[in-house]
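**Student:** I am attaching a structure below and will ask some questions about it afterwards.
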Amino acid sequence: MKPAAKSGGTKRAAGKTAGSRSLSREFALRALYAQQLSGQDEVDVAAHVREDPDFAKANMAYFEALFHGALTETADLELKLAPHLDRPIGELSPIERGILLLGAHELVNCPDVPYRVAINEAVELAKKYGGTDGHKYVNGVLDKLAKLMRPDEFRK
């Protein structure tokens, strides 16, 4: 039996690729950004994002969980993030705010995602969509939050 071909260093398991969750995070960020700027209903924003032809490659359930979870829990997530920020969250760019909300949501609500993966995915989004050094800021804030939310993972 031949070994499975590797694609970009990601492993394929149970019909889903690691990339599908990465793409879900990217679409969730786009939806959060659009919702922040437009103030549109979350259902309409999500429907618009789903129209992208590449959305079919994303894990739809994970997109839904991230986007709706981050929106539903915004106030609580912002409270958890606030002590680690150098300014009020409202002064962050909408991209950095969205990335931090998604990263915080994963750290708080997705124990199946290792904290390092949640942080790394957020950093990659910040590199792609954020300001020049936004990825460093996102990394620092989420690292501090992870130590509080996932203390058992830090002991390993």
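The values are calculated or read from the model by the stated rules, or taken from the named source; none is laboratory data. Computed from a prediction, not measured in an experiment: that's the story for all the values here. Cβ: placed from backbone, ideal geometry, glycine included. Neighbour counts: every protein chain shown.
**Student:** For the range 134-152, which positions are surrounded by 16 or more Cβ atoms within 10 Å (Cβ to Cβ) and aliphatic (A, V, I, L, M)?
**Tutor:** Hits for the range 134-152 are 138, 141, 142, 145, 146, 149.
Every residue, every condition in (1) modelled with pLDDT of 95 or more; (2) outside any helix (DSSP H, G or I); (3) within 15 Å of the chain's Cα centre (by Cα), yes or no:
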{"position": "5", "(1), (2), (3)": "no, yes, no"}
{"position": "30", "(1), (2), (3)": "yes, no, yes"}
{"position": "63", "(1), (2), (3)": "yes, no, yes"}
{"position": "78", "(1), (2), (3)": "yes, no, yes"}
{"position": "82", "(1), (2), (3)": "yes, no, no"}
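**Student:** Select, from 96, 124, the only residue that is at pLDDT 95 or above, among the acidic types (Asp, Glu) and crowded, with 19+ Cβ neighbours inside 10 Å.
**Tutor:** 96
**Student:** Let me ask you something else. Output the residues belonging to the range 47-60 that are surrounded by 12 or more Cβ atoms within 10 Å (Cβ to Cβ) and either assigned to a helix (DSSP H, G or I) or under 17 Å from the mean Cα position of the chain (by Cα) (or both).
**Tutor:** Selection gives 47, 48, 49, 50, 55, 57, 58, 59, 60.
**Student:** Quick one: would you say residue 103 is of a type outside the set (Phe, Trp, Tyr) and within 18 Å of residue 129 (Cα to Cα)?
**Tutor:** Judged against the criteria, residue 103 is a match.
**Student:** Output the residues belonging to the range 125-156 that are of a type in the set (Asp, Glu) and within 22 Å of residue 86 (Cβ to Cβ).
**Tutor:** Within the range 125-156, 133, 143 qualify.
**Student:** With exposed (fewer than 15 other Cβ atoms within 10 Å of the Cβ) and in contact with an Asp or Glu (Cβ under 8 Å, 6 or more places away or on another chain) as the only criterion, which of 131, 90, 103 stands out?
**Tutor:** Details: 90 fails: in contact with an Asp or Glu (Cβ under 8 Å, 6 or more places away or on another chain); 103 fails: exposed (fewer than 15 other Cβ atoms within 10 Å of the Cβ).
131 is the lone residue from the list that is exposed (fewer than 15 other Cβ atoms within 10 Å of the Cβ) and in contact with an Asp or Glu (Cβ under 8 Å, 6 or more places away or on another chain).
**Student:** Oh, and also: With the checklist (1) in contact (Cβ under 8 Å) with a residue 24 or more places away in the chain; (2) more than 23 Å from residue 34 (Cβ to Cβ) in hand, flag the one item residue 87 doesn't pass.
**Tutor:** Tallying (1) in contact (Cβ under 8 Å) with a residue 24 or more places away in the chain; (2) more than 23 Å from residue 34 (Cβ to Cβ), residue 87 fails exactly one: (1).
**Student:** Give the range 56-92 a look and list any residue that's over 26 Å from residue 20 (Cα atoms) and either touching a Ser or Thr at 6+ places or on another chain (Cβ under 7 Å) or of a type in the set (Gly, Ala, Ser) (or both), or say none.
**Tutor:** 75, 82, 90
**Student:** Suppose we filter 40, 35 for residues that are in a helix (DSSP H, G or I), of a type in the set (S, T, N, Q) and without any contact (Cβ under 8 Å) to a residue 40 or more places away in the chain; which single one remains?
**Tutor:** 35
**Student:** Please state which of the following conditions residue 113 fails to meet, knowing it meets all the rest: (1) surrounded by fewer than 23 Cβ atoms within 10 Å (Cβ to Cβ); (2) among the hydrophobic types (A, V, I, L, M, F, W, C); (3) in a helix (DSSP H, G or I); (4) out of contact with any Phe, Trp or Tyr (no Cβ under 8 Å at 6 or more places or on another chain).
**Tutor:** Evaluating residue 113 over (1) surrounded by fewer than 23 Cβ atoms within 10 Å (Cβ to Cβ); (2) among the hydrophobic types (A, V, I, L, M, F, W, C); (3) in a helix (DSSP H, G or I); (4) out of contact with any Phe, Trp or Tyr (no Cβ under 8 Å at 6 or more places or on another chain) leaves (3) as the failure.
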